[in-house]
Amino acid sequence: MQRHLPDLATPRLLIRRLRMDDLADIHRILDLEAPDGGSRDQRSAWLEWTVRNYDALELLYQPPYGERAVTLRESGELIGAVGLVPDLNFFAQIPGLGPDPEPQSPARFTQPEVGLFWTIARAHRGQGFATEAARAMVEFAFSQLHLARIVATTSYDNLPSQAVMRRLNMRVERNPFSEPPFLQVVGMLTNPRA
């Protein structure tokens, strides 16, 4: 099983490791998503941890978790982030992920999944970049990491993310419970090789 995530090229994008010189761009992009996500110094500490984590995970023979830069192939401009993240959550309350296909009460226990994350700068949205980047990550995860399943989560009102899930052919399920608020909609994709 491959533990290193190489650069991934798509027709329009290059997905690569983040670098410390990406700080200004990635801070601007992520700050639009989560304005309370921290100061520039906090984002710098996060970016340093992310950059160091690539090598640390490889040394520990762990999956290549973390965010990657999404850049335009022609110009090299950083326009977003995509990645695989460990996701420990109350997935059992989502139809199709828990032991009970129609849960009667909120889950009491968490379960781990591999989550797919993406974000694209507002100026570049609506052009299919999120789907293109996410599809490249899914293909790598299924063919090289041999994951059985990938999930993605979003909120009830994030219709663009739900649209990306559908374009990836994910089965999209709504959480029948209001809690936790960060687990309102879940997309699930099973490896076709499984």
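The values are calculated or read from the model by the stated rules, or taken from the named source; none is laboratory data. On a predicted model such as this, the values are computed, not experimentally measured, just so you know. All Cβ positions, even for glycine, are placed from backbone atoms using ideal geometry, and neighbour counts span all protein chains on display. Accessible surface areas use protein heavy atoms only, side chains included; no ligands, DNA or RNA. Shrake-Rupley method; radii C 1.70, N 1.55, O 1.52, S 1.80 Å.
A few points about this structure:
- Residue list for segment 127-184, restricted to those being within 15 Å of the chain's Cα centre (by Cα) and of a type in the set (Ser, Thr, Tyr): THR131, THR153, THR154, SER155, SER161
- Near pairs, Cβ below 7 angstrom, 6+ apart or cross-chain, from segment 85-99 (touching a residue at least 60 places away in the same chain (Cβ under 8 Å)) to any residue that is polar (S, T, N, Q) and crowded, with 21+ Cβ neighbours inside 10 Å: GLN93/ASN175; ILE94/ASN175
- Options GLY66, GLY83: the member that is in contact with a Lys or Arg (Cβ under 6 Å, 6 or more places away or on another chain) and modelled with pLDDT of 85 or more: GLY83
- Residue within segment 77-98 that is within 30 Å of MET20 (Cβ to Cβ) and assigned to a loop (DSSP other than H, G, I, E, B) present: yes
- Considering segment 18-36, and only residues there that are open to solvent by 60 Å² or more (accessible area, probe 1.4 Å) and outside any helix (DSSP H, G or I), the residue that is modelled with the highest pLDDT turns out to be ARG19.
- Taken over segment 37-53, the criterion of being under 15 Å from GLY66 (Cα atoms) and either in contact (Cβ under 8 Å) with a residue 40 or more places away in the chain or charged (D, E, K, R) (or both) is satisfied by ARG43, GLU48, ARG52.
- Filter result for the condition that a residue is in a helix (DSSP H, G or I) and surrounded by 12 or more Cβ atoms within 10 Å (Cβ to Cβ), over ARG43, ARG68: ARG43
- Residue pairs meeting the criteria (Cβ under 7 Å; at least 6 apart or on separate chains; first in contact (Cβ under 8 Å) with a residue 24 or more places away in the chain, in segment 120-137; second assigned to a helix (DSSP H, G or I) and surrounded by 19 or more Cβ atoms within 10 Å (Cβ to Cβ)): ILE120/PHE129; ILE120/ALA130; ALA121/ILE29; ALA130/VAL164; THR131/VAL164; ALA134/VAL164
- Selection status of LEU116, open to solvent by less than 20 Å² (accessible area, probe 1.4 Å), assigned to a loop (DSSP other than H, G, I, E, B) and more than 21 Å from ALA24 (Cβ to Cβ): no
- Only listed residue being at pLDDT below 90, over 27 Å from ARG135 (Cβ atoms) and hydroxyl-bearing (Ser, Thr, Tyr), chosen from SER39, SER44: SER39
- As for segment 140-155, it holds no residue that is without any contact (Cβ under 8 Å) to a residue 60 or more places away in the chain, surrounded by fewer than 19 Cβ atoms within 10 Å (Cβ to Cβ) and among the aromatic types (Phe, Trp, Tyr).
- Candidates LEU183, LEU159, LEU168 - the one that is more than 23 Å from LEU14 (Cα to Cα), among the hydrophobic types (A, V, I, L, M, F, W, C) and open to solvent by less than 30 Å² (accessible area, probe 1.4 Å): LEU183
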